[in-house]
Amino acid sequence: MNIISMMIFILIMGAVNLKINRIEVELNFFILPVFLGILFGIINTYLSVKRTRDLEEKIREKTKEFEHYATMDDMTNTYNRRMGLKMLKNYFILSKRHKNNLSVCYVDIDELKCVNDSFGHVEGDELIRNISEMLRSSVRKSDIVSRMGGDEFLIIFPECGIEGAEKVMRRLGEKMRVYNEVSQKYYRASVSFGISGFSSCDARTLEDLLVEADNRMYAMKKENKGKVFLLKTGGINNNVENPKFRVKKDTVFLKSHENKQKFVQRMS
């Protein structure tokens, strides 16, 4: 297209020169139109290439943005449920093929509903983000963290046995202990989790692995159910049992800052 434009421009300028000189055509009359035609073609080509590159760059940026939304959870910066399960399936196939260990862990935030109802959903969202950050900083570089739902995460441990996964969860527990000491929150952040492992001689399916991890997580959650995870004025009030605070219909929630203060003083 640029060459055609250049040739048309040269012919027009040549025709003008011919008209001016009528019959006699001299070579020097074509120098200027040829030069201008080449210059015009170069500029037009440069602008066309630049527009194409800019468009390609915008397409690449949009593609990356779409890929991010398709695979990642915006709130926690972890993989979303769909991508997490897809990656787990691939790792499970590789584990069976190469006879490597594979562990999975379901993690559930304790008393998130109580935090939402007592302190608001903004505070609940902050708790989810803080725990997801602690999760991401506790796992190995090769591990995968995926948000499965509102308060539930799945961790994939490739080429890792149950002991290695438990080591990661102990690291998470230490981070949460430090967080609870310095966060100055009215509540204590806590999680329940269940780990399940797959070895080379294992005949179980991927569904069996997930069900086992899920059952172990809910067993731990059952132990923590009904316990109040709140901070005392001068330190941590560890898992205080209080029949008024059950995660059932009879759960009593704090509705104001004043009530929170009174409750903390009463539990102290």
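The values are calculated or read from the model by the stated rules, or taken from the named source; none is laboratory data. Quantities reported herein were computed from a predicted structural model and do not represent experimental measurements. So basically every Cβ, Gly included, is an ideal-geometry build from the backbone, and we count neighbours across all protein chains shown. SASA here: full protein model, heavy atoms, side chains in, ligands and nucleic acids out. Shrake-Rupley method; radii C 1.70, N 1.55, O 1.52, S 1.80 Å.
Things worth noting here:
- Probe 1.4 Å - accessible area at Tyr186, Å² to nearest ten: 60
- Between amide H atoms placed 1.01 Å from N, distances below 5 Å from Asp110 occur with Ser190, Val191, Ser192, all of them 5 or more places distant or on a separate chain.
- The stretch 124-138 and the stretch 89-107 have Cα centres lying 25 Å from one another.
- For Met83, the solvent-accessible surface with a 1.4 Å probe is about 40 Å², rounded to the nearest 10.
- Other residues whose C-beta falls under 10 angstrom from the C-beta of Ser137 contribute a net charge of +2, scoring Lys and Arg +1 and Asp and Glu -1.
- Counted charge near Gly197, where neighbours are those whose Cβ lies closer than 12 Å (Asp, Glu -1; Lys, Arg +1): -4
- The amide H of Cys160, built 1.01 Å from its N in the peptide plane, has Asn101, Leu102, Ser103 as neighbours under 5 Å, considering only residues 5 or more places off or on other chains.
- Working note: Karplus 6.51/-1.76/1.60 with θ = phi - 60° gives the stretch 114-127 the couplings 5, 5, 4, 6, 8, 10, x, 6, 5, 5, x, 5, 5, 4 Hz, where Gly and Pro are set to x.
- Probe 1.4 Å - accessible area at Leu85, Å² to nearest ten: 60
- Taking Cys105, Cys114 and ordering them by how much accessible surface each has at a 1.4 Å probe, largest first, produces Cys114, Cys105.
- Taking every alpha-carbon pair under 8 Å whose residues sit at least 6 apart, the stretch 57-194 reaches a relative contact order of 32 percent.
- Which of Thr71, Thr45 is most accessible, then next, and so on - probe 1.4 Å: Thr45, Thr71
- Accessible area, probe 1.4 Å, largest first, for residues Arg147, Arg82, Arg129: Arg82, Arg129, Arg147
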